[in-house]
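Encoded as structure tokens, here's the structure I'll be asking about.
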Amino acid sequence: MTQRFPSLCHWGAFTALVEQGRFVRAEPFALDPSPSALLDALPEVVYSNLRVARPSVREGWLKHRDRRRSGHDTYIEMTWDAALDLVDAELKRVRAQHGAEGIFGGSQGWASAGRMHHAGSQLKRFLFSGGGCVDKKGNYSFGTAMFLLPHVIGTAGPVTGRVTDWTSVCSHTRLMVAFGGLALKNGQMSSGGLGEHSMEMWLRRARDAGIEFVVISPNRSDVPDFLRAHWISIRPGTDTAFLLGTAHALVSEGLEDRAFLARYCTGYERFARYLTGRDDGEPKSPEWAAPICGVDAAEIRALARKLAATRSLLTMTWSIQRAHHGEQPYWMLITLAAMLGQIGLPGGGFGFGHGSQGGIGTPRPAGAATPELPTGKNPAGTAVPSARLTDMLEHPGGGYDFNGERLRYPDIRLVYWAGGNPFHHHQDLNRLRQAWQRPDTVIVHETHWTPTARHADIVLPATTTLERNDLGGAVRDRFLFAMHRAIDPIAAARNDRDIFSELAARGGFEARYTDGLDEAGWIRRLYDSARATNLTAGVEMPPFEVFWERGYFELPRPQRAFVLFEDFRDDPTVHPLATPSGKIELYSAKIDGFNYDDCPPHPTWLPPREWLGASQARVYPLHLLTTQPPDKLHSQADYGPVARTAKRAGHERIRLSPADANARSLADGMVVRVRNARGACLATVEVDAGLRAGVAIMSTGAWYDPADASACALERHGNPNVLSLDQGSSKLSQGPSALSMLVEVERWDGDHIASAHTTPHILASAG
Ligand SMILES: Nc1nc2c(c(=O)[nH]1)N[C@H]1C(S)=C(S)[C@@H](COP(=O)(O)OP(=O)(O)OC[C@H]3O[C@@H](n4cnc5c(=O)[nH]c(N)nc54)[C@H](O)[C@@H]3O)O[C@H]1N2
Ligand SMILES: Nc1nc2c(c(=O)[nH]1)N[C@H]1C(S)=C(S)[C@@H](COP(=O)(O)OP(=O)(O)OC[C@H]3O[C@@H](n4cnc5c(=O)[nH]c(N)nc54)[C@H](O)[C@@H]3O)O[C@H]1N2
Ligand SMILES: [Mo]
């Protein structure tokens with residue numbers, strides 16, 4: 001007999017089919033118009049032989065507290081009681097000797113869908129209720145934009161929340177210009193889990209409505225063929241120069257909207273001095289931009305005219321701000337949109353992320369809630385920008401700038417991670433690996449033996465979503481889902497929250513952590529709280545029992561389309577922006593006051609540290625872009641059937657243009673070494689005629705596989721983060737600069753066995 005259980009993952013809702021107690025298949029949610037093929041990977045996620053079976057402690061740490069976390073160490077299995085005693089004793093020791101500032105609980109990571117059991121949130125709730133910890137602020141996704149946008153438009157809403165929705169676009173937009181493209185692969189994911197994969201549906205409707213698409217990207221495959229988009233191939237990292245050229249073309253033809261700039265913006269005159277070259281003698285004309293961004297001046301000029309002649313929407317992927325000086329293209333996009341004067345009009349203005357994640361622009365009732373676990377307040381109050389992880393570990397007590405403040409890195413003695421994989425996600429992994437040896441202790445909860453688990457001292461096995469009850473949904477989707485426990489926990493795995501409950505009991509603060517509620521109690525509390533919020537937003541949800549039985553709740557489609565800054569446009573004095581001037585700041589006096597050399601007070605072309613125009617490009621002549629993998633979510637299920645078949649000869653692929661492949665006598669399927677001064681990894685060549693010459697692309701997510709314990713070990717699998725630049729995007733936001741890196745590629749004839757998908761050497765239980 002087949003049993004059926006409603007469930008959810010970040011790449012979609014599904015019914016788990018269970019036969020004789022075994023999860024056999026994920027059947028896509030019936031109301032999903034384009035379910036993700038990645039659902040096929042789920043049984044392997046649950047039953048993989050890479051699952052962490054029992055609590056495991058690194059031998060060197062257990063015997064003599066050594067900190068040489070090499071990724072090649074032996075682990076000793078323990079009973080839960082013994083392992084939890086060790087964790088408890090270590091937490092108490094560090095708290096007593098170093099206080100909350102000695103514990104890092106920032107633990108960036110997507111974990112799994114399911115908002116109650118969300119590992120990172122549970123970790124924070126646990127550490128906060130036990131006295132606090134060092135948290136993280138911002139993220140890798142839009143960590144640069146998040147801190148810039150409030151200075152410019154008074155809110156980070158267009159990246160954290162909503163943009164003009166697709167109903168408004170389909171009815172009003174005539175020209176949509178997408179920097180970084182509109183790749184369907186990215187629409188598969190939404191943090192929290194989508195019920196409705198609607199990106200393809202909306203793009204098709206937009207096309208049918210006659211909207212013209214222009215895509216600006218070094219990579220032609222960033223846009224589906226059916227859009228018949230006009231592709232402008234740009235040199236990576238130069239979007240700001242392109243946008244400046246476009247803005248200059250508007251001014252030179254008198255096409256900028258002076259009335260909009262006067263009524264809704266501040267600082268245009270100041271910016272215009274830079275644009276026209278009145279201050280530095282260098283007009284930022286299309287002719288000036290052309291050699292920087294590698295696009296013809298005539299093409300830039302033509303686009304400027306087109307943008308001004310019709311209802312146009314500018315959008316930009318999140319990738320473009322994940323770069324050195326990543327503030328500038330975002331600020332400049334807003335500035336160009338302001339000059340076009342269409343911000344706040346239906347289907348006009350600017351947006352971000354339409355090509356970055358599923359659900360962006362999905363029409364959704366205003367103020368509708370998605371459940372979220374309350375973490376409580378952090379009594380320590382300290383947080384470090386998430387992408388400054390290595391800097392923090394390397395420089396305890398060291399000073400750094402952030403958003404107008406001068407701050408100090410804490411001295412971290414204990415790292416606690418749950419639900420993330422920094423040995424996948426962080427930049428310059430060789431540097432991280434050294435810095436990671438500084439703390440006394442590293443504790444990780446993981447479902448699988450990921451590279452991060454293999455660089456931990458104490459590894460506690462966590463359940464997957466199929467092994468627990470929960471509820472979930474994505475803030476950009478119209479559905480809420482019940483998640484029924486479908487199978488028993490694998491081996492000795494426990495829910496993160498059960499692990500923390502036991503630890504909280506040992507620490508004497510169980511009641512504060514659990515609030516007296518068990519799993520069922522918490523699920524009901526989160527549901528009821530979302531239900532109450534939604535009622536005030538005019539959305540009626542059924543009682544919990546009805547929802548749980550039915551398996552999902554669908555938010556109604558809103559009556560009115562959402563248009564970003566519609567109110568502000570209606571009346572900027574009644575609905576001012578939350579900026580110092582109440583207007584869009586094209587020059588920011590506040591940022592001027594910070595006096596940062598790497599973030600001037602108006603949008604400015606600042607060459608990134610590494611790009612094709614840098615002198616270093618003579619040694620490392622390829623700009624490597626690291627993009628989101630089409631075949632998985634980050635590093636999750638990298639060992640699974642879908643991601644595995646996308647690899648070639650056991651390695652992640654590197655895409656090269658025909659010109660770059662020929663120049664190096666490389667052909668499809670050859671194994672190469674990709675290298676720069678920071679590190680090297682192996683990859684398999686895929687020649688891609690849709691790629692700009694000088695540009696290479698690798699997906700992120702291949703499990704880190706250092707050949708040995710040495711400082712600059714060859715990475716054998718194809719994890720591009722051994723090559724990426726670990727530097728704050730600027731002193732303002734300290735976001736990641738993952739997309740600013742130069743490399744060289746050469747044929748590799750050496751040994752190329754990858755062994756990332758193996759468990760460490762494990763000794764049986766020490767009792
Ligand atoms: N070079 C480069 N680097 C990048 C990016 C890039 O574009 N280029 N992108 C960046 C971005 S935007 C992001 S968001 C990050 C993503 O980085 P991460 O979010 O760290 O990546 P994931 O692979 O999703 O890691 C989630 C981990 O949680 C574990 N997990 C899943 N469920 C549970 C659970 O219930 N309990 C516990 N304890 N663990 C669980 C999974 O096994 C997995 O190892 O990567 C960043 N890194
Ligand atoms: N399948 C899948 N989808 C995902 C994820 C995943 O892991 N797998 N991760 C999700 C997450 S956490 C996030 S944050 C989002 C991230 O969303 P994004 O950051 O927007 O996604 P990327 O794929 O990294 O980049 C999008 C495109 O930007 C282009 N690009 C790169 N550099 C430049 C440049 O300098 N100029 C221009 N014009 N274009 C450039 C690249 O060609 C690339 O294909 O994706 C989400 N979607
Ligand atoms: Mo992300």
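The values are calculated or read from the model by the stated rules, or taken from the named source; none is laboratory data. Everything numeric here is computed off the predicted structure, so don't read it as measured data. Don't worry about glycine lacking a Cβ; one is built from the backbone with ideal geometry, like all the others, and counts go over all protein chains shown. Note: areas computed on protein heavy atoms with side chains; ligands, DNA, RNA excluded. Shrake-Rupley method; radii C 1.70, N 1.55, O 1.52, S 1.80 Å.
Might you check whether a residue that is in a helix (DSSP H, G or I), among the small types (Gly, Ala, Ser), modelled with pLDDT of 95 or more and closer than 18 Å to His117 by Cα occurs anywhere in the stretch 461-475?
Step one: list which residues in the stretch 461-475 are in a helix (DSSP H, G or I), which gives 465-467.
Next, only the ones that are among the small types (Gly, Ala, Ser) stay: none.
So far as the stretch 461-475 goes, no, none of its residues is in a helix (DSSP H, G or I), among the small types (Gly, Ala, Ser), modelled with pLDDT of 95 or more and closer than 18 Å to His117 by Cα.
Yes or no: Met201 assigned to a helix (DSSP H, G or I), at pLDDT 95 or above and within 24 Å of Ala380 (Cβ to Cβ)?
Working: assigned to a helix (DSSP H, G or I): yes; at pLDDT 95 or above: yes; within 24 Å of Ala380 (Cβ to Cβ): no.
It is false that Met201 is assigned to a helix (DSSP H, G or I), at pLDDT 95 or above and within 24 Å of Ala380 (Cβ to Cβ).
State which residue pairs qualify: first residue surrounded by fewer than 19 Cβ atoms within 10 Å (Cβ to Cβ) and inside the stretch 72-90, second residue of a type in the set (Lys, Arg) and at pLDDT 95 or above in any location, beta carbons under 7 Å apart, and separation of 6 or more residues or different chains.
Asp88/Arg506
Can I ask one more? Within the stretch 582-600, is even one residue farther than 20 Å from Gln734 by Cα and either in a strand (DSSP E or B) or open to solvent by 80 Å² or more (accessible area, probe 1.4 Å) (or both)?
yes
Let me ask something additional. Does Gly353 qualify as being under 23 Å from Met741 (Cα atoms) and either within 13 Å of ligand 2 (Cβ to nearest atom) or modelled with pLDDT of 95 or more (or both)?
Values: under 23 Å from Met741 (Cα atoms): yes; either within 13 Å of ligand 2 (Cβ to nearest atom) or modelled with pLDDT of 95 or more (or both): yes.
So Gly353 passes the test.
Now for a separate question. For the stretch 621-645, what are the residues that are away from ligand 3 (no atom under 16 Å from the Cβ), within 22 Å of Pro218 (Cα to Cα) and not in a loop (DSSP other than H, G, I, E, B)?
Leu622, His623, Leu624
Inside the stretch 119-196, counting only helices (runs of 4 or more DSSP H) that do not spill past its ends, which hold 1 or more residues that are basic (Lys, Arg)? Lay out the reasoning, then the answer.
Details: elements: 119-129, 145-153, 157-160, 166-172.
Ranges flagged: 119-129.
For the stretch 235-298, list the helices (runs of 4 or more DSSP H) that sit wholly inside it and hold at least 2 residues that are among the charged types (D, E, K, R); which are they?
258-264, 268-276
Would you check if there is a residue in the stretch 749-759 being β-branched (Val, Ile, Thr) and under 23 Å from Ser615 (Cβ atoms)? Please lay out each step first, then the result.
Kept after step one, since they are β-branched (Val, Ile, Thr), are these residues of the stretch 749-759: 753, 758-759.
The next check asks that each one be under 23 Å from Ser615 (Cβ atoms); those that pass are none.
No: zero hits.
Residue by residue, here is whether (1) crowded, with 24+ Cβ neighbours inside 10 Å; (2) among the acidic types (Asp, Glu); (3) at pLDDT 95 or above; (4) at negative phi holds:
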site: Glu299; (1), (2), (3), (4): no, yes, yes, yes
site: Ala302; (1), (2), (3), (4): no, no, yes, yes
site: Ser319; (1), (2), (3), (4): yes, no, yes, yes
site: Tyr330; (1), (2), (3), (4): yes, no, yes, yes
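Search the stretch 615-630 for residues being of a type outside the set (Gly, Ala, Ser) and open to solvent by 60 Å² or more (accessible area, probe 1.4 Å), and hand back the single one that is nearest to ligand 2 (Cβ to nearest atom).
Gln616
Test of understanding: among Ala702, Ala663, Ala696, which residue is modelled with pLDDT of 95 or more, surrounded by fewer than 21 Cβ atoms within 10 Å (Cβ to Cβ) and more than 16 Å from ligand 3 (Cβ to nearest atom)?
Working: Ala702 fails: surrounded by fewer than 21 Cβ atoms within 10 Å (Cβ to Cβ); Ala696 fails: surrounded by fewer than 21 Cβ atoms within 10 Å (Cβ to Cβ).
That would be Ala663, the only listed residue that is modelled with pLDDT of 95 or more, surrounded by fewer than 21 Cβ atoms within 10 Å (Cβ to Cβ) and more than 16 Å from ligand 3 (Cβ to nearest atom).
Identify, please: which residue in the stretch 308-317 is open to solvent by less than 10 Å² (accessible area, probe 1.4 Å) and under 13 Å from Leu345 (Cα atoms) and is, among those, farthest from ligand 1 (Cβ to nearest atom)?
Looking at residues that are open to solvent by less than 10 Å² (accessible area, probe 1.4 Å) and under 13 Å from Leu345 (Cα atoms), I get Ser312.
Would you pick out the residues in the stretch 484-512 that are in a helix (DSSP H, G or I), under 31 Å from the mean Cα position of the chain (by Cα) and within 19 Å of Leu86 (Cβ to Cβ)?
Asp496, Asp498, Ile499, Phe500, Ser501, Leu503, Ala504
Would you confirm whether or not the stretch 715-728 contains a residue that is modelled with pLDDT of 95 or more, over 21 Å from Ala387 (Cβ atoms) and of a type outside the set (Gly, Ala, Ser)?
Here is the first cut: in the stretch 715-728, the residues modelled with pLDDT of 95 or more are 715-728.
The next check asks that each one be over 21 Å from Ala387 (Cβ atoms); those that pass are 716-718.
Keeping just the survivors that are of a type outside the set (Gly, Ala, Ser) gives 716-717.
Within the stretch 715-728 (the criterion being modelled with pLDDT of 95 or more, over 21 Å from Ala387 (Cβ atoms) and of a type outside the set (Gly, Ala, Ser)), the answer is yes, since at least one residue qualifies.
What single numbered condition from (1) within 23 Å of the chain's Cα centre (by Cα); (2) under 13 Å from Asp428 (Cβ atoms) fails to hold for Val695?
(2)
Cβ-Cβ under 8 Å, sequence separation 6+ or interchain: first residue in the stretch 512-531 and over 9 Å from Pro371 (Cβ atoms), partner open to solvent by 70 Å² or more (accessible area, probe 1.4 Å) and in a helix (DSSP H, G or I). Which pairs?
From residues that are over 9 Å from Pro371 (Cβ atoms), the pairs are Leu517/Arg525.
Among the candidates Arg485, Arg478, Arg525, which residue alone is more than 26 Å from Ser48 (Cβ to Cβ) and touching a Lys or Arg at 6+ places or on another chain (Cβ under 7 Å)?
Numbers: Arg485 fails: more than 26 Å from Ser48 (Cβ to Cβ); Arg525 fails: touching a Lys or Arg at 6+ places or on another chain (Cβ under 7 Å).
Every option except Arg478 fails the conditions.
Next question. Filter the stretch 635-644 down to the residues that are within 13 Å of Gly718 (Cα to Cα) and open to solvent by 40 Å² or more (accessible area, probe 1.4 Å) and list them by number.
Within the stretch 635-644, just Arg644 meets the criteria.
Follow-up question, since we're still on this one. Tell me whether the stretch 603-623 contains one or more residues that are over 21 Å from Arg322 (Cα atoms), of a type in the set (Val, Ile, Thr) and in contact with a helix residue (DSSP H, G or I) (Cβ under 7 Å, 6 or more places away or on another chain).
Within the stretch 603-623, the subset over 21 Å from Arg322 (Cα atoms) is 615, 618-619.
Remaining after also requiring of a type in the set (Val, Ile, Thr): 619.
Now narrow it down to the ones that are in contact with a helix residue (DSSP H, G or I) (Cβ under 7 Å, 6 or more places away or on another chain): none.
No, the conditions are met nowhere in the stretch 603-623.
Please determine, by comparing only the residues of the stretch 204-234 that are assigned to a loop (DSSP other than H, G, I, E, B) and aliphatic (A, V, I, L, M), which one is farthest from Ala302 (Cα to Cα). Working first, answer last.
We begin by selecting, within the stretch 204-234, every residue assigned to a loop (DSSP other than H, G, I, E, B); these are 209-211, 217-218, 223-224, 228-229, 233-234.
Keeping just the survivors that are aliphatic (A, V, I, L, M) gives 209, 211, 223, 229, 234.
Working: Ala209: 23, Ile211: 17, Val223: 21, Ala229: 15, Ile234: 15 Å.
Restricting to residues being assigned to a loop (DSSP other than H, G, I, E, B) and aliphatic (A, V, I, L, M), the top hit is Ala209.
For Leu38, state whether it is surrounded by 15 or more Cβ atoms within 10 Å (Cβ to Cβ), out of contact with any strand residue (DSSP E or B) (no Cβ under 7 Å at 6 or more places or on another chain) and not assigned by TED's automatic domain parsing to the domain that holds Gln437. So that I can check it myself, show each step before the final result.
Working: surrounded by 15 or more Cβ atoms within 10 Å (Cβ to Cβ): yes; out of contact with any strand residue (DSSP E or B) (no Cβ under 7 Å at 6 or more places or on another chain): yes; not assigned by TED's automatic domain parsing to the domain that holds Gln437: yes.
So Leu38 fits the description; yes.
Return the residues of the stretch 126-138 that are surrounded by fewer than 20 Cβ atoms within 10 Å (Cβ to Cβ) and either within 16 Å of ligand 3 (Cβ to nearest atom) or assigned by TED's automatic domain parsing to the domain that holds Ser356 (or both); say none if nothing qualifies. Please lay out each step first, then the result.
Applying the first criterion (surrounded by fewer than 20 Cβ atoms within 10 Å (Cβ to Cβ)) to the stretch 126-138 yields 131, 137.
Result: Lys137, single match.
Also: From Arg95, Arg58, Arg69, which residue is under 21 Å from Leu393 (Cα atoms), touching a His at 6+ places or on another chain (Cβ under 8 Å) and not small (Gly, Ala, Ser)?
On the way: Arg95 fails: touching a His at 6+ places or on another chain (Cβ under 8 Å); Arg58 fails: touching a His at 6+ places or on another chain (Cβ under 8 Å).
Checking each option against the conditions leaves just Arg69.
Residue-by-condition table, conditions (1) modelled with pLDDT under 95; (2) of a type in the set (Ser, Thr, Tyr); (3) within 15 Å of ligand 1 (Cβ to nearest atom); (4) surrounded by fewer than 21 Cβ atoms within 10 Å (Cβ to Cβ):
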| residue | (1), (2), (3), (4) |
| --- | --- |
| Lys92 | no, no, no, yes |
| Gly105 | no, no, yes, no |
| Ala119 | no, no, yes, no |
| Lys124 | no, no, yes, no |
| Phe142 | no, no, yes, no |
| Met146 | no, no, yes, yes |
| Val152 | no, no, no, no |
| Thr173 | no, yes, no, no |
